Amino acid sequence: MLASPPTLNIFYQQLADNIKLWGKELGFQQIAITDIDIGPHKQYLQEWLDNGYHGDMEWMRKHQSQRNNPDSLVSGAMRVISARIDYLPENTHQIQILKQPDKAYISRYALGRDYHKLIRKRLATLGKRIQLYCEEHKEHTAEINQRPFVDSAPVLEKAFAEKAGLGWIGKHTILLNSSAGSWFFLGELLTNIPLPVDSSKIENKCGDCEACLKVCPTDAFVGPYKLDATRCISYLTIELKTAIPLEFREAMGNRVFGCDDCQLICPWNKFAKPSDEKDFSPRHELDDADLATLFLWTEEEYLKNTEGSAIRRIGYERWLRNIAIGLGNAKPSQKIIDALEKQIDFPSEMVKEHIEWALKQQKSPRKRIRKIKRA
């Protein structure tokens, strides 16, 4: 392949510099660029699937080829523009809520508006700026093909973010940044423009620390960098569509949508900065809500109060299923028993079974097991 003329190289470097400036103007904390080769992550994904750690997330296997070959998603793609944006709301008192068993703990990423549309829209705007810049300067004459992705599409976002230099993948399989911790979202813009890549891959700085592995309530980590999703509370409360296995229910405590324990204990998150994005601020007081109150929402109230929220995707039935477990784990009280009994005729065998379990827990309390160990 012939080398690009010096003037064209200068053009692409200037465009890459501009992309990072435009990204910050759009509210991203950091932008970096890498190629589309996922390297060893192809084998990591295969081993993870072979071990069945994806559980019912069959789409992980179904779209494996696309994850391995990003250019099948965007024809001619050769670069990934990787972006991160902080989401942690200020003063959401995560630890305090976890220690109050009558409160509902909702993963902090889901307290505000659904991040997918917000980030995708901003990445699309970034793509338009790139398009206009190329049209105005005319050095890049080939047709431009690019597309934004945010989490829901088959893109190995953490692998690309790590390769681009946005951080390193920690032992809890979440991307870590030494100046921002892990409370941030990732998004990608795949493009066929031959931008210069960032070669500043970050050194893994987890060291000997295994706090995240040890704190997991359901012992979901097979080992460092290996997560068995079928045991993870985020999977159980969000992805699993059937009954939650009995062995995990007490350990779930009051976590009714996702789980942040491995992030809460991570020492690097002392550097995390609260987000000033209003769309990520808690809505409907979900950062400090009583389990019983949420459990008594009608389906209409649920749909209204979760409109534009990531919580909406689990549906009302699984919402009740999850909260029933939280109520079963709460301190025994007549208020909670009354709330459970009010929903006992809900037309779902799965929900009824979880309510019956919770009532049994409330009426015949025993010492709670907040942490379980893998057999």
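Values for this structure:
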| quantity | calculated |
| --- | --- |
| Cleavage-rule hits (trypsin sites (Lys or Arg not before Pro)) in the stretch 250-307: DSSP loop, at most 10 neighbouring Cβ within 10 angstrom | none |
| 0 to 90° range, to nearest 10: angle between helix 41-50 axis and the chain longest Cα axis | 30 degrees |
| Over the stretch 211-363, relative contact order from alpha-carbon pairs under 8 Å, at least 6 apart, % | 24 percent |
| Rg to Rh, two decimals, where the chain supplies the alpha carbon set and Rh follows Kirkwood | 1.01 |
| Computed [θ] at 222 nm, helices only, for the chain once each DSSP H run of length n ≥ 4 contributes -39500 (n - 2.57) | -11000 deg cm²/dmol |
| The stretch 208-245-the stretch 296-366 distance, computed between alpha-carbon centres (Å) | 22 Å |
| Among 189, 21, 132, residue whose mean-square fluctuation peaks in a GNM of the chain (springs only between Cα atoms under 10 Å) | 132 |
| 0 to 90° range, to nearest 10: angle between helix 115-137 axis and the chain longest Cα axis | 10 degrees |
| Exceeding the 18 Å Cα-Cα cut-off - candidates 103/335; 103/352; 121/278; 158/241 | 103/352; 158/241 |
| Inter-probe distance in nm under a simple model that places probes 7 Å from Cα toward Cβ, at residue 271 and residue 192 | 3.9 nm |
| Positive minus negative residues near residue 195 (Lys, Arg vs Asp, Glu; Cβ under 12 Å) | -1 |
| Cysteines in the chain that, by Cβ-Cβ distance, have no pairing candidate under 4.7 Å | 134, 206, 209, 216, 232, 259, 266 |
| Inter-label distance, nm, simple model (7 Å from Cα along the C-beta direction), residue 99/residue 225 | 3.5 nm |
| The stretch 61-79 residues near the modelled residue 49 label - backbone nitrogen below 16 Å, point 7 Å along Cα→Cβ | 61-73 |
| Per residue, the convex hull volume that the Cα atoms of the stretch 111-205 enclose (Å³) | 123 Å³ |
| Potential lengthening between residue 210 and residue 317 on full extension [0.36 nm per residue; Cα-Cα distance subtracted] | 34.9 nm |
| Stretch gain in nm, segment residue 301-residue 14, where the contour uses 0.36 nm per residue and the Cα spacing is subtracted | 98.3 nm |
| Distance histogram in 5 Å bins (all Cα pairs of the stretch 211-363, percent per bin) | 1, 9, 17, 20, 20, 16, 10, 5, 2, 0 |
| Virtual paramagnetic centre 7 Å along Cα→Cβ of residue 66, amide N under 16 Å, in the stretch 134-148 | 146-148 |
| Average Cα contact separation per residue, the stretch 11-128, under 8 Å, 6 or more apart, as relative contact order % | 31 percent |
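All of the numbers you see were taken from the coordinates with simple rules; none came from a lab. This is a predicted model, so every value here is computed, not measured. For neighbour counting, all protein chains shown are included, and Cβ atoms are generated from backbone atoms with ideal geometry for every residue, glycine included.
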